[in-house]
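Report on one structure; see the data block that follows.
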Amino acid sequence: MCRSLAPELESWESNPMACRRIFEGRLAILVVIVAVLAFARVTHQTAAAAGSPARETIVYVTKTGTKYHVDGCQYLRQSKIPMPLSQAARMYGPCSRCRPPVLGPLFAVNAD
């Protein structure tokens, strides 16, 4: 076995400690590689379990307004510009008429 690990050693019988050190060193490298691959697989599975990135909620703003709205709001008659909720919430307030979702600390919730 030592000959396959280190062909420069004539036989493991002549130098068993050198053969053991070579074997342990290569085993340690193999263990690290397996650990990295296992971590990558777990990370990939966790990302897959979380699903693909959730589609961002789309709300609408008008050219001149200061509020964002859901599709179908009566205030969208003049203009209707789609925008991700995360962006709209930073620049506009929610409409009190159509009550679009608002951003909470961690996720979007409906305004009540």
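Figures for the structure shown
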{"item": "Lone qualifier among 72, 93 - being surrounded by fewer than 10 Cβ atoms within 10 Å (Cβ to Cβ) and modelled with pLDDT of 90 or more", "result": "72"}
{"item": "Meets criteria (at pLDDT 90 or above and outside any loop (DSSP other than H, G, I, E, B)) for residue 59", "result": "yes"}
{"item": "Residue tally, condition at pLDDT 60 or above and either polar (S, T, N, Q) or not in a helix (DSSP H, G or I) (or both), over the stretch 32-50", "result": "3"}
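The values are calculated or read from the model by the stated rules, or taken from the named source; none is laboratory data. Note that this is a predicted model, so its numbers are computed, not measured. Cβ atoms come from the backbone with ideal geometry, glycine included; neighbour counts cover every protein chain shown.
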